[in-house]
Amino acid sequence: MKYCDSAAMIARFGEDELIRLTDPGDGAMDAAAIDAALTDASDEIDSYLAVRYTLPLSVIPEIVVRLCADIARYRLYDGRMLDEVEKRYDDSVKLLKDIVRGSAVLPLPTTTASTEVSTTRSREDRLFTRDTLEDF
């Protein structure tokens, strides 16, 4: 599953930049190159998120779309790296590592029904009573 598509890449970085990065010589974007970069970026994100989250994600938070776009852009720059592109990639990887460590979280919906735990106990719930402790 890809977390971002070429339309989101165009919206974030502009068509001119993507043409410049992927032009096979006909003055157009190379859709296959963009798709490959997005697949690689999504796989990289999954390699981090799989440590903490069940994949595939049920909802794709906008932050994951941004991370995917930044990582894919970094991959498209290949050997022509700009400082800003490299910094955004480094920041994306840092955030993914923070998510794995638990110092950052993805804004995913939660279900309260499955996480509720009863804290009410009755006398019958006890594991030990005076009578059973005497057996030890």
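The values are calculated or read from the model by the stated rules, or taken from the named source; none is laboratory data. All figures in this text were calculated on a predicted structure; none of them were measured in a lab. Counting neighbours? That spans all protein chains shown, and the Cβs are built from the backbone with ideal geometry, glycine included. With ligands, DNA and RNA removed, areas are computed over all heavy atoms of the protein, side chains included. Shrake-Rupley method; radii C 1.70, N 1.55, O 1.52, S 1.80 Å.
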Which condition number does residue 92 fail, the rest of (1) open to solvent by 20 Å² or more (accessible area, probe 1.4 Å); (2) assigned to a helix (DSSP H, G or I); (3) polar (S, T, N, Q) being met?
(1)
Condition check: more than 18 Å from the chain's Cα centre (by Cα) and either at pLDDT 95 or above or buried (at least 17 other Cβ atoms within 10 Å of the Cβ) (or both). Does residue 7 satisfy that?
yes
Can you confirm whether residue 74 is open to solvent by less than 70 Å² (accessible area, probe 1.4 Å), modelled with pLDDT of 95 or more, part of a loop (DSSP other than H, G, I, E, B) and not charged (D, E, K, R)?
no
Could you please give the count of residues in region 23-41 that are surrounded by fewer than 13 Cβ atoms within 10 Å (Cβ to Cβ) and not aliphatic (A, V, I, L, M)?
4
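This table checks each residue for (1) of a type in the set (Ser, Thr, Tyr); (2) touching a residue at least 60 places away in the same chain (Cβ under 8 Å); (3) more than 21 Å from residue 101 (Cβ to Cβ).
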{"site": "1", "(1), (2), (3)": "no, no, yes"}
{"site": "21", "(1), (2), (3)": "no, no, yes"}
{"site": "24", "(1), (2), (3)": "no, no, yes"}
{"site": "33", "(1), (2), (3)": "no, no, yes"}
{"site": "46", "(1), (2), (3)": "no, no, no"}
{"site": "59", "(1), (2), (3)": "no, no, yes"}
{"site": "65", "(1), (2), (3)": "no, yes, yes"}
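Just checking, how many residues over region 77-89 are farther than 17 Å from residue 47 by Cα and surrounded by 11 or more Cβ atoms within 10 Å (Cβ to Cβ)?
Residues meeting the conditions: 7.
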